[in-house]
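The numbers here are math on the coordinates, done by the rules we state, and not lab data. As the structure is a prediction and not an experimental result, all values here were calculated from the model. All Cβ positions, even for glycine, are placed from backbone atoms using ideal geometry, and neighbour counts span all protein chains on display.
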Amino acid sequence: MIPMYWWEGYHGLQTVMRRISHGKKPYVFNFGDQLSPLVVSLLSGQRIQHSTSSYKLLALGSIFFSLRDHDIVWGSGLIKPSHVAFAASRKMVKYAAVRGPKTRDILISHGIDCPEIYGDPALLLPSLIKNDVEKRYTIGLVPHFYHYDAFKEKLGNKYNFKLIDVERPYDAVVRDILSCEIILSSSLHGLIIGEAYGIPSLLLTMSEPSQDDIFKFEDYFHGTKRSLKFVNFSRIHNLNQLANIALSSTELLSYNTNPLLSSFPFPRNEAAHISAPGWNSSDFTSWIFKSSVRPPQWYIPAKFH
């Protein structure tokens, strides 16, 4: 059993009540966070236990706020520079890998030892679960959960595209992404999943972004040896033209997964994925429940926020 922390979707009572008043679930079941225990369980062949205590693993996500003494970081990154305070206040944390060099540089500047190993663990998914999803849409739009309503309102029914709700179950979201030829996303893991599986993907911002707004995106892109490119969503007048920009100007991912894989801080089950079906397999759900993997279970929210 591996203890891990991933964000449970809790934003505080005020946000919970507002979501309920808008007919939404009280918590944000964000697919990127749910992928974290999936990846770790597939790599290790072990069951995963959600934990908020010390001696736990932090993998996918900008979750440095959850750090405790003696934790292990493998692939997480800072959401903004000020969150280094959470790392600086903890003792005996092992950094096996971080999302990108912007996170590492800030850690190093605060006297925290961190290896030069970069990558979001979701990049390993193609080696764990094959893509057997047929293309059905030209354009897939993946808004961050904050942006979903704004995307829907602005674009309406003017274009033929797939609007992907990241609050659906993680496997459904991944299948939706893989069914598209081009991904336009304001969600970091919308971009990462698209790129990992070879789909041209472009970042959309909701306005002219501040450095804090794009910090995690730059961190990820620099960690894969590329510069960040984005388009301001508020200035979109022609979605099809934007799709052409994504096809012509995005730099397809060329990423060596070996350093990130080698830095995995637990014994690896080399045969864990051999019998795994593809994302679109009819027995995907039964395989998840029969294997060492368990879909994330939701606990009383941690008081980290």
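Total lysine pairs in segment 127-249 at Cα distances under 17 Å, for residues eight or more apart or on different chains: 5.
With 5 Å bins beginning at zero, the pair-distance distribution over Cα atoms of segment 127-249 amounts to 2, 11, 23, 26, 21, 13, 4, 1 %. At q = 0.13, 0.14, 0.22 Å⁻¹, what log₁₀ I(q)/I(0) does a Debye calculation on the Cα points of segment 165-233 give, no solvent, two decimals? Each listed q maps to, in turn, -0.36, -0.42, -0.98. Overall shape of segment 46-94 was characterised from the C-alpha gyration tensor. The equivalent ellipsoid obtained from it has semi-axes of 18, 13, 8 Å, in decreasing order.
Charges were assigned to the Cβ only: +1 to each Lys and Arg, -1 to each Asp and Glu. The resulting dipole of segment 127-249 about its Cα centre is roughly 360 debye.
Using DSSP to define loop residues, name the GluC sites (Glu not before Pro) in segment 56-157 whose beta-carbon has at most 12 other beta-carbon atoms within 10 Å. Display every interim value, and only then the final one.
Details: sites: Glu116, Glu134, Glu153; in loops: Glu116, Glu134.
For GluC sites (Glu not before Pro) across segment 56-157 that sit outside H, G, I, E and B with at most 12 neighbouring Cβ atoms in 10 Å, the list reads Glu116, Glu134.
Taking other Cβ within 10 Å of each residue's Cβ, how do His144, His70 sort, fewest first? Working shown, then result.
Numbers: His144 19, His70 14.
Placing the least packed residue first, the sequence is His70, His144.
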